[in-house]
Amino acid sequence: MSAATTRSRTPDRLCAEAVDLARAAAEEAAAPGVVGGHAGLISEGDRVVTHFFECKELGYRGWRWAVTVARASRAKIVTLDEVVLLPGPDALLAPEWVPWSERLRPGDMGPGDLLPTDAEDLRLEPGFSGEDLPTPNAAVSQDMAELVEAEDAEVTAGVPANLPIAPARGSIAAVAEELGMRRARVLSRYGLHSAADRWEESYGPKTAMAQAAPASCVSCGFLTPIGGSLGQAFGVCANEFSPADGRVVSLSYGCGGHSEAAVMPKPPRPAPPVIDETRVDHFPLRPSPDSGSVPVTADEASAELGHS
C-alpha cells in the first residue's frame, strides 16, 4: 500500500474538526429544523472530508445531509466544497423507474385513454398491402394472387381505406373489401399464441371451476363459436349465470352452468326430530263405542249424558 493511499484513507485532522462549518452549510441549504445530529464522516482524499448529518425532513427517512470540506496544501483554513442530500444505507428510496409500456396492465385503460401501438409490435404483422404480390402472411393468399393473375384483374394502389373512391370490381382491393380484409395489420402467429395462452390460463381446463364442472364447454349449448384458427380451441360463453359470461373460453373449460347438466342435486333432508312439536294429535270429543270406557246402549239420550 502506497503512502498516498494511506493518507487518503486517514481523515485530515483540520477537516475532520470542521463540524460546525459543515453544520452551518447544511442548515443554510436545508429548511429550518431538518438538519439532525452529526452522523459520521469519511475521507474522500487528501485533505478532503465529507461530514454526514441526519435528515429530519418528512418523507426522507434514512437520508443524510453530506457536506464536503477541504483545505489547500499547507493551508490552515478549511473551505466548503459542496452540500448535497444523499440516501443512507437504510434510506427510503423510490422504486426503480419502469417505462409505461412495461407498467401497463390489462384493465388499466379508461375512457378517453389512447394506447399507441409500436410499429414493430411482435403481435401484429402486415395485412392486405394492395401490392401485386401480397405479403407471405397477409390475408390475401398466394392462391388468390394466382387467381387474380389468371383472370387479368386490376391491382389498385393502396389499401381500400385510403382509396378516394371504391375499388373497381375484379381488383384485389375489391376482393379484400368484400371479404373484410381491409385492415393494415393483422395478428401475427406470436400474437395468436400469446392470446391463446392468456385465455387458456384464465378460462382453461386447469382452473378449479373446470375441474369441478360436470362437462366441458365443447358440448354446452351456451357456447358461441368464433371464426378463424382460434375457433378450433376457443369460443364465447353466452350463459348469463356462468362466471365466464361474455368471455373467450377454452373448449375444454367448463362450469356448473353447463346446458346439459339436467340432473339437479337433491337438497339434503334433515334428520327427524326427537320430539315432534309440529305434529297435531287428534283427540275425539266422544269416546269410541268399542273402546270399553262406556257400555254400549241403544238409548241415544242417555249416551249423550255419559256416566258418573
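The values are calculated or read from the model by the stated rules, or taken from the named source; none is laboratory data. All figures in this text were calculated on a predicted structure; none of them were measured in a lab. All Cβ positions, even for glycine, are placed from backbone atoms using ideal geometry, and neighbour counts span all protein chains on display. Surface areas here come from the heavy atoms of the whole protein model, side chains and all, with no ligands, DNA or RNA. Shrake-Rupley method; radii C 1.70, N 1.55, O 1.52, S 1.80 Å.
Please work out whether the range 1-128 counts as rounded, prolate or oblate from its C-alpha gyration tensor, where a ≥ b ≥ c are the square roots of the eigenvalues and a/c under 1.5 means rounded, while otherwise a/b larger than b/c means prolate and anything else oblate? Prolate. Extending 7 Å from the Cα toward the beta-carbon at both Ala39 and Arg269 defines two label points whose distance is 7.6 nm. Taking a ≥ b ≥ c as the square roots of the eigenvalues of the Cα gyration tensor, the range 188-227 is classed as oblate, since a/c reaches at least 1.5 and a/b does not exceed b/c. Under 5 Å from the amide H of Ala39 lie the amide H atoms of Phe52, Phe53, Glu54, each residue being 5 or more positions distant or on a separate chain, with H modelled from the backbone and absent for Pro and chain starts.
Surface composition of the range 1-97: carbon and sulfur make up 54 percent of the accessible area, probe 1.4 Å.
The rule of thumb for compact globular proteins, 2.2 N^0.38 Å, goes into the C-alpha radius of gyration of the range 201-285 1.85 times. In this calculation the C-beta distance from Ile226 to Ser101 is compared with R0 = 30 Å, giving a FRET efficiency of 0.60. Remark: the Cα gyration tensor places the range 45-113 in the prolate category, a/c being 1.5 or greater and a/b exceeding b/c. Here each label is just a point 7 Å from Cα along the line to Cβ, and for Asp46 and His282 those points are 12.2 nm apart.
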